[in-house]
1. Return the residues of the stretch 149-188 that are outside any helix (DSSP H, G or I) and either under 18 Å from Ser261 (Cβ atoms) or hydroxyl-bearing (Ser, Thr, Tyr) (or both); say none if nothing qualifies.
2. Tally up the residues in the stretch 293-307 that are open to solvent by 80 Å² or more (accessible area, probe 1.4 Å), charged (D, E, K, R) and either assigned to a loop (DSSP other than H, G, I, E, B) or in contact (Cβ under 8 Å) with a residue 24 or more places away in the chain (or both), please.
3. Would you confirm, using the coordinates I've provided, whether Val163 is open to solvent by 10 Å² or more (accessible area, probe 1.4 Å), β-branched (Val, Ile, Thr) and under 23 Å from the mean Cα position of the chain (by Cα)?
4. Would you mind stating whether Ile126 is at pLDDT 95 or above and of a type in the set (A, V, I, L, M, F, W, C)?
5. When you go through (1) open to solvent by less than 10 Å² (accessible area, probe 1.4 Å); (2) in contact with a Ser or Thr (Cβ under 7 Å, 6 or more places away or on another chain); (3) under 17 Å from Val147 (Cα atoms) one by one for Ala200, which number turns out not to apply?
6. Restricting to the stretch 223-241, and then to whatever is free of Cβ contacts under 8 Å to residues at least 40 places away in the same chain, part of a helix (DSSP H, G or I) and not basic (Lys, Arg), can you tell me which residue is least open to solvent (accessible area, probe 1.4 Å)?
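The values are calculated or read from the model by the stated rules, or taken from the named source; none is laboratory data. These figures come from a predicted structure and were not determined experimentally. Cβ atoms come from the backbone with ideal geometry, glycine included; neighbour counts cover every protein chain shown. SASA here: full protein model, heavy atoms, side chains in, ligands and nucleic acids out. Shrake-Rupley method; radii C 1.70, N 1.55, O 1.52, S 1.80 Å.
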Amino acid sequence: MTNRNLDVSRRAGMALLLSAAVVLPSQVAAQDDAWPERPITFVVGFGVGGSADRTARALAQYMTEEIGQPITVVNREGAGGQLAATYVLAQPADGYTLLATAISPYLANSILNTGADYTLDDFAFINGQWSDNDLIAASTESGIDSVAGMINAIRDNPGEHSVSVVTGSAGELSTYILLDTAGIPAENLNVVTYESGGAARAAAAGGQVDFTILGAEGSDAIRDMITPLAVIAEEPLAAWDGVPVVNDALAEVDLEMPVVSGSIRGLAASAELPEQYPDRWEKIVSAYERTMQDPEFIAHLEENEIGTDWLGPERTTKRVKSNFEILKQYGALVQ
């Protein structure tokens, strides 16, 4: 080949490269305009029937219309939500796989206490839809009707009583804080952990455990099978009228404990999503917000006693990180 032909070939090659460089951004923009082009997956870190699962499935059902593609829900329970969080971060950060679960305090607990290799900064929080306070309750079979009675029973009968909690939950943390506040060794109480609130509640309702510390709202379904002792909150809860807040209940034995916020169920993504695909991120946020404005969806949530909050990314992130600081202070109590 002559030098002239070589020069022509080089110029042609450069032209193709330049053409590709010019076309590529518009192609990406076109792809994002069409996104999503296939179903989206919500990954729940807990079992079927719990509050996180019910929240995710309700959202998936109604958000499908707003996002323009089917949304499937997959349960990857284990390690207090850590398996699901790890799985989501291992997927391409393209918006097709999202973490729809109890995002707090489980992520924080897995970071602080169970060796997770991620941090809160690895997640982009979209919305905390359902936040609640925990309820301390006794099985009706236990015969215990006060927090003071619960404390005395655990103190006086080491190893004979049990409590059901969800692994890595605010309820589990509050259990150990309560024991610590009362000066009771942790080994005095058998802490039975479950991967879903539904299973933990069933254990209390069926008398398999003596006590439970779980989300107050989700516990309404077993109201007739438990004896409510206190709500872990600063103010009384309307849904549990007549049930004292925990520190009023503890005043009977001259004790006071830190109040830990309950679970926050909602939606999160890999932090790489808004960085790499800002348009897709905005589509997800907007679709979720519009869904939360749908009267039919709100009615469905209220009928099923599921939270209806729209906090948005900024306020959700602030709340999750605030809870993290509380857990950082007290989380070492969880064995």
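1. Within the stretch 149-188, the subset outside any helix (DSSP H, G or I) is 157-169, 183-185.
Once the filter is applied, which keeps residues that are outside any helix (DSSP H, G or I) and either under 18 Å from Ser261 (Cβ atoms) or hydroxyl-bearing (Ser, Thr, Tyr) (or both), the stretch 149-188 yields Ser162, Ser164, Val165, Val166, Thr167, Gly168, Ser169.
2. Residues of the stretch 293-307 open to solvent by 80 Å² or more (accessible area, probe 1.4 Å): 293, 295-296, 302-303, 305.
Those still in the list that are charged (D, E, K, R) too: 296, 302-303, 305.
Right, trim to either assigned to a loop (DSSP other than H, G, I, E, B) or in contact (Cβ under 8 Å) with a residue 24 or more places away in the chain (or both) and you get 296, 305.
So the answer is 2.
3. no
4. Numbers: at pLDDT 95 or above: yes; of a type in the set (A, V, I, L, M, F, W, C): yes.
It is true that Ile126 is at pLDDT 95 or above and of a type in the set (A, V, I, L, M, F, W, C).
5. (3)
6. Going through the stretch 223-241, the residues free of Cβ contacts under 8 Å to residues at least 40 places away in the same chain turn out to be 223-224, 234-236, 238-239, 241.
Among the residues that remain, those that are also part of a helix (DSSP H, G or I) are: 223-224, 238-239.
Now restrict to residues that are not basic (Lys, Arg): 224, 238-239.
On the way: Asp224: 145, Ala238: 98, Ala239: 64 Å².
Looking at the filtered set, the residue picked out is Ala239.
Table: residues versus (1) over 14 Å from Ala269 (Cβ atoms); (2) in contact (Cβ under 8 Å) with a residue 24 or more places away in the chain.
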{"residue": "Trp35", "(1), (2)": "no, yes"}
{"residue": "Pro39", "(1), (2)": "yes, yes"}
{"residue": "Phe42", "(1), (2)": "no, yes"}
{"residue": "Gly50", "(1), (2)": "yes, yes"}
{"residue": "Ser104", "(1), (2)": "yes, yes"}
{"residue": "Ala108", "(1), (2)": "yes, yes"}
{"residue": "Gly115", "(1), (2)": "yes, no"}
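For every residue, the table says whether it meets (1) closer than 23 Å to Val44 by Cβ; (2) outside any loop (DSSP other than H, G, I, E, B); (3) of a type in the set (A, V, I, L, M).
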residue	(1), (2), (3)
Val243	no, no, yes
Asp248	no, yes, no
Ser261	yes, no, no
Arg265	yes, yes, no
Lys283	yes, yes, no
Asp309	yes, no, no
Glu314	no, yes, no
Lys318	no, yes, no
Tyr330	no, yes, no
